[in-house]
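Student: Dumping the structure here so I can ask a few things about it.
The values are calculated or read from the model by the stated rules, or taken from the named source; none is laboratory data. Note that this is a predicted model, so its numbers are computed, not measured. Please note: Cβ atoms are built from the backbone with ideal geometry, for glycine as well, and neighbour counts cover all protein chains shown. Calculation scope for accessible area: heavy atoms of the full protein, side chains included, ligands and nucleic acids excluded. Shrake-Rupley method; radii C 1.70, N 1.55, O 1.52, S 1.80 Å.
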Amino acid sequence: MSWLELLNNLESGAVRAATQDDNGQWHANVEVKKGILEAFKNGTNTEFAGGFVDKHNLAPQEFTAENGVRMVPGGSSVRRGAHVAKGTIIMPPAYVNIGAFIDEGTMVDSHALVGSCAQVGKNVHLSAAVQLGGVLEPVGASPVVVEDDAFIGAGCVIVEGVVVKKGAVLAPGVRLSATIPVYDCVNERQLDKGEPIPEYAIVIPGSRPASNAWAREQGLSMSCALIVKYRDEQSDASLLLEEVLR
């Protein structure tokens, strides 16, 4: 498949930069990521209307009413090679990078970033200033994944291939990376490195004592994330407002 065919297939959703196996595990699609890098290699810098410069073959997408995507005016951009499904709402300014996949009914709020190859499921809410990290290299590295029905609060940062499973809720300001520990206060355990945020978990920002003795003497602490409960009927009710706004 040529890089041009690949970009078209990424936009249509026929291929994705990451796929889920029968066990629910996500894996990078190495050939897709190689193709995206090939597109960059074959592009030349050119000037576009509006005073910006980018590769000639990676111009921002333009949507029509028939696409079923509500792109509110005010500075948002969806780059070539990203898939945005019907029913998606993109509030300004927001940016969706190449290789990203956004499924039906998702809200991308102001100042949100959906990084290269990030995968976002159905009916997800990405609140204001959410940052989903992107990854093109190394090609085998898995991207950030946010599964169906998750709610990501304002200012959350999710990077380094972290997976947020179905229905999870992240409170504003939660930061997740490969090195930030996550403690499940309900089941009294620390998640293994690389373990996804479980389905329907409610996660808040936390802190833990610094590991160095001197730092502990100074009362210093380090960032972590805490699972404080799992969604139930009462906590679901607090999200009904989002359904009204979609």
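Student: When the scattering of segment 20-103 is computed by the Debye formula from its Cα atoms alone, each counted once and equally, what is log10 I(q)/I(0) at q = 0.21 Å⁻¹?
Tutor: Evaluating at q = 0.21 Å⁻¹ gives log10 I(q)/I(0) of -1.09.
Student: Taking R0 as 30 Å, what's the FRET efficiency between Ser223 and Asn23 from their Cβ-Cβ distance, rounded to 0.05?
Tutor: Values: r = 30 Å, r/R0 = 1.00.
It comes out at approximately 0.50.
Student: For segment 1-69, taking Cα atoms only, what is the radius of gyration to one decimal and the Dmax to the nearest whole Å?
Tutor: So, for segment 1-69, Rg and Dmax equal 14.8, 47 Å respectively.
Student: Rounded to the nearest 10 Å², what accessible area does Trp214 have for a 1.4 Å probe in the complete protein model?
Tutor: 150 Å²
Student: Here is a further query. Under a 5 Å amide H to amide H cut-off, with H placed in plane at 1.01 Å, what residues pair with Lys229 once short-range neighbours are removed?
Tutor: Those lying under 5 Å, H to H, from Lys229 are Ile202.
Student: According to a simple spin-label model (label point 7 Å from Cα along Cα-to-Cβ), what is the distance in nm between Cys185 and Phe63?
Tutor: Here the modelled spin labels are 3.7 nm apart.
Student: Could you tell me which of rounded, prolate or oblate describes segment 88-191, using a ≥ b ≥ c as the square roots of the eigenvalues of the alpha-carbon gyration tensor, with rounded for a/c under 1.5 and, failing that, prolate when a/b is larger than b/c and oblate otherwise?
Tutor: Working: a/c = 1.71, a/b = 1.25, b/c = 1.37.
It is oblate, given that a/c is not under 1.5 and a/b is not larger than b/c.
Student: Then there's this: Excluding Ile227 itself, calculate the net charge of residues whose Cβ lies under 10 Å from the Cβ of Ile227, where each Lys or Arg counts +1 and each Asp or Glu counts -1. Walk me through the intermediate numbers first.
Tutor: Values: positive: Arg189, Lys229; negative: Asp184.
With Lys, Arg at +1 and Asp, Glu at -1, the neighbours total +1.
Student: A further question follows. With both partners inside segment 92-222, how many of the DSSP beta bridges are antiparallel, as a percent to the nearest 5? Walk me through the intermediate numbers first.
Tutor: Values: 4 of 27 bridges.
Just about 15 percent of them are antiparallel.
Student: Which is farthest toward the positive dipole end of the chain among Phe101, Thr64, Pro181, measuring Cα position about the Cα centre, with Cβ charges +1 (Lys, Arg) and -1 (Asp, Glu)?
Tutor: Result: Pro181, furthest along the dipole toward the positive end.
Student: Can I ask one more? So, in the chain, how many Lys pairs have Cα atoms under 24 Å apart, if the pair is 8 or more places apart or on different chains?
Tutor: 17
Student: Hey, any idea what % of segment 15-73's accessible area is carbon plus sulfur with a 1.4 Å probe? Write out the running numbers ahead of the final one.
Tutor: Details: 1790 of 3810 Å².
In segment 15-73, the share of accessible area belonging to carbon and sulfur is 47 percent.
Student: Have a look at Asp232, Asp103, Asp184 and tell me which one the Gaussian network model of the chain (Cα, springs below 10 Å) gives the largest fluctuation.
Tutor: Asp232
Student: How big is the gap, in Å, between the Cα center of segment 34-58 and the Cα center of segment 69-97?
Tutor: Segment 34-58 and segment 69-97 have Cα centres spaced 18 Å from each other.
Student: Related question: Could you give the size of the charge dipole of the chain about its Cα centre, using +1 on the Cβ of each K and R and -1 on the Cβ of each D and E, expressed in debye and rounded to the nearest 20? Spell out each step's value before the answer.
Tutor: On the way: 20 positive and 29 negative charges, 111 e Å.
Computed about the Cα centre, the dipole is about 540 debye.
Student: Starting from the Cα-Cα distance between Glu31 and Ser12, subtract it from 0.36 nm times their residue separation and give me the gain in nm to one decimal.
Tutor: Working: separation 19, 0.36 × 19 = 6.84 nm, distance 1.71 nm.
My answer for the length gained is 5.1 nm.
Student: Also, I was wondering about something else. Only helical DSSP H runs with n ≥ 4 go in: add -39500 (n - 2.57) per run for the chain, normalise by residue count and round the 222 nm mean residue ellipticity to 500 deg cm²/dmol.
Tutor: Values: 5 runs with 39 residues, N = 246.
Helices in the chain give a 222 nm mean residue ellipticity of -4000 deg cm²/dmol.
Student: Write down the accessible area per residue of the chain in Å², having rolled a 1.4 Å probe over the full set of protein chains. Present the calculation step by step, with values, prior to reporting the outcome.
Tutor: Values: 12230 Å² over 246 residues.
Spelled out: the 1.4 Å probe surface of the chain, per residue, equals 50 Å².
Student: Debye sum, Cα scatterers, the chain, no solvent: what log₁₀ I/I(0) at q = 0.11, 0.12, 0.15, 0.17 1/Å?
Tutor: -0.60, -0.70, -1.03, -1.26
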